[in-house]
Amino acid sequence: MTTSHDHAPSTKATWWQSAVIYEIYPRSFQDSDGDGVGDLEGIIQRLSYLEWLGIDAVWITPIYPSPLADFGYDVADYTDIHPLFGDLEAFDHLVEALHAKNIRLILDFVPNHTSEQHPWFLDAKSGPTSAHRDWYIWQNPAPTGGPPNNWVSIAGGGGWELDAESGQYYCHMFLKEQPDLNWRNPAVRRAMYDAMQFWLARGVDGFRLDVFWLLIKDWRFRNDPLNPDYQDGQPDFRRTLPIFSGDRPEIHEIATEMRALVESVDRDCVLIGEIYQPAEKLVTYYGEDGRGLHLPFNFNLMWQHWSPRPILAYIEEYEAALPADGWPSWVLGNHDQKRIASRVGPAQARVAMLVLLTLRGTPTLYYGDELALENVPIPPGQEQDPFGLAHPEQGRDPVRTPMPWSRQERHAGFTTGLPWLPLGNDHPDRCVELQRDDPASMLNLTRNLLALRRSSAALSRGAWSAAKVSGDVLAYVRETESERYLIVANLDDQVKTVGLDEQMGGVVALSTHDGRDGEPMDKVMELRGDEALIIRCQQNAS
Ligand code: NOJ
Ligand code: MG
């Protein structure tokens, strides 16, 4: 029937283990004051939508005071709110309003770098003997002149900027407006932990930690080896293998310290790490004895070819690599990556949603993916993302466009003003209002999936195993002692015939297509192109 595996179904789940997280890019969710930029009050106005959809937690990308060189990932004050988004009072109101609906709030925290306008950096830049000089990473030029080593910036170009006055370079893994903090300095750690404490005291339920794997760099500043597989046209950061500029062993100390910090509050708070690493490295971030991050984000499904074998192989690799008590994480899209509906097409986006919401672990959904939004081409002159302005292939505007709410209102109800990025031409036709009324829409599929998942211990917390079925489909089982589901997904637009083991038969509980609910399934079944099914098995799990 099923292949065995090591992870027993967890019975005592914390909220974030059975939760589905919804990522909001606040600039683009809902504008409340007509300035064309979404804000905290706008999110509050859309709370009934989030409740109706059935997600459990919201992660909002940065809303701190910032010159917005990287749209808020350049923080100038860690304990306040940018006036564009509101103020601390609006923030408290948001926390309260979310909690009243039993939705948790996860704050984006940006520990790797500050804005160049942060008072710490302004002081650091004032001279080598300044109080905050060592809060950042300064190095002398290489003996032959030029940058200290070959580290590259993920935003494009080199990873060092010369400070002409002192003759030293400072390190920046992103824009030069985002100088990297020196996490080897205990004063930096204290200041950042104080900032986290500030938000914990205001009621947040956890943090999404920006580029967590980069916090600690090689103390000897060794060159990163060149990437032998680099191909022309790939972003600069692919030129090297970043083994010295990130993912250093000492990073795990920081994870443990942060874990202790969030555990010092009297409720369950979650630490999610943004970590772009392959499975075997990613899982080290759970920490020894589970004393690290709760959920290192797992992005790797996004890089697999969208066909049954590589997808299954990756799921198995990751499941096998996880520590016994490490809870999985799954992501198919975020504000930095191409929209899933553009990567696999709108029909497969439905299948992808079903897969994302039935794998074992905590899924994170990107706003608008429940509408199957696609990348929006940005007309020349309207681009905003500095990464894309400097290196067009790295532009992220197309995935950050405003949420379409209604058909008739201007700008689909997102703003009464001029939206900061254009809406997609066809996005008003995919708006919430229309999809809500269409039982076959992507939105209702997502909502039904969320409801089924929530109602079933097997689907939300049960064990995962590959299913033995014949046919070129992705098939797996989720089960507890008393419940078993078989998930069968056709990752192709061609009809597929699937042979089932006798004991796998059951009835269709949910399908990407109309009219199949309740249909009995036994030994042989046919899947239409782009179809995926959740089958409630009749035979109890043994
Ligand atoms: C990762 C964030 O997701 C991305 O949007 C940002 O540009 C970089 N970190 C730098 O903070
Ligand atoms: Mg606004």
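The values are calculated or read from the model by the stated rules, or taken from the named source; none is laboratory data. Small disclaimer: the values here were computed from a predicted structure and weren't measured. Note that each Cβ is placed from the backbone with ideal geometry, even for glycine, and that neighbours are counted across all protein chains shown. Remember, those area values only see protein heavy atoms, side chains included, never the ligands or the DNA or RNA. Shrake-Rupley method; radii C 1.70, N 1.55, O 1.52, S 1.80 Å.
Applying 1/(1 + (r/R0)^6) with r as the Cβ-Cβ distance of Arg407 and Ala451 and R0 = 41 angstrom yields a FRET efficiency of 0.95. For the range 143-258, a Kirkwood hydrodynamic radius built from all Cα pairs, placed in the Stokes-Einstein relation at 20 °C and 1.002 mPa s, yields a translational diffusion coefficient of 135 µm²/s. For the peptides 62-69, 137-144, residues were scored by their other Cβ atoms within 10 Å and the scores averaged per peptide; the highest-first order is 62-69, 137-144.
Per-residue 3J(HN,Hα) values for the range 121-136, derived from phi via the Karplus relation 6.51 cos²θ - 1.76 cosθ + 1.60 with θ = phi - 60°, read 6, 4, 5, 4, 6, 6, x, x, 9, 5, 4, 9, 3, 7, 6, 10 Hz in sequence order (x marks Gly and Pro). Measuring only protein heavy atoms, the 1.4 Å probe finds Ile534 accessible over about 0 Å². All alpha carbon pair distances within the chain were sorted into 10 Å bins beginning at 0; the resulting P(r) in whole percents reads 4, 18, 28, 27, 17, 6, 1, 0. Per residue, the average separation of C-alpha pairs within less than 8 Å and at least 6 apart gives the range 322-471 a relative contact order of 23 percent. Between Leu162 and Glu263, the distance separating the two model label sites (each 7 Å from Cα on the Cα→Cβ line) works out to 4.8 nm. Computed on the range 65-185, the Cα convex hull volume stands at 124 Å³ per residue.
Rounded to two decimals, the Cα-based Rg/Rh of the range 385-527, with Kirkwood Rh, is 1.11. Rg and Dmax over the alpha-carbon atoms of the range 119-171 stand at 11.3, 33 Å. The length gained on full extension between Asp35 and Glu526, counted as 0.36 nm times the residue separation minus their Cα-Cα distance, comes to 171.6 nm.
With the simple spin-label model, which puts each label point 7 Å out from Cα in the Cβ direction, the Asp229 to Glu250 separation comes to 3.0 nm. When every Cα-Cα distance of the range 65-104 is counted in 5 angstrom steps from zero, the calculated P(r) takes the values 6, 23, 22, 19, 17, 10, 3 percent. Globularity index of the range 204-296 is 1.24 (Cα radius of gyration / 2.2 N^0.38 Å, N = number of residues). In the chain, a dipole from Cβ-located charges (positive for Lys and Arg, negative for Asp and Glu) runs towards its positive end, and of Ala195, Ala321, Gly54 it is Ala321 whose Cα lies farthest in that direction. Taking a straight line from the alpha carbon of Lys217, these lysines sit under 24 Å away, with near neighbours fewer than eight places off in the same chain left out: Lys125, Lys176, Lys281.
Across the protein chains, with a 1.4 Å probe defining accessible surface, the residues Asp35, Asp236 rank Asp35, Asp236 from largest area downward. The gain in end-to-end length when the Lys338 to Glu51 segment is fully stretched comes to 100.7 nm, 0.36 nm per residue minus the alpha carbon separation.
Stretched out straight at 0.36 nm per residue, the stretch from Ala347 to Ala142 would grow longer than its current Cα-Cα span by 68.5 nm. In the chain, helices alone account for a calculated mean residue ellipticity at 222 nm of -6500 deg cm²/dmol, with every DSSP H run of four or more residues adding -39,500 (n - 2.57). Residues whose amide H comes within less than 5 Å of that of Thr240, counting only those at least five positions distant or on another chain, are Asn227 (H built at 1.01 Å from N in the peptide plane).
Note on the range 249-401: Cα convex hull, mean projected area over all directions, 10.9 nm². Heavy atoms of the protein chains alone define the surface here; on that basis the chain has 38 Å² accessible area per residue at 1.4 Å probe size. Projecting label points 7 angstrom from Cα along Cα→Cβ for Ser307 and Ser130 puts them 5.5 nm apart.
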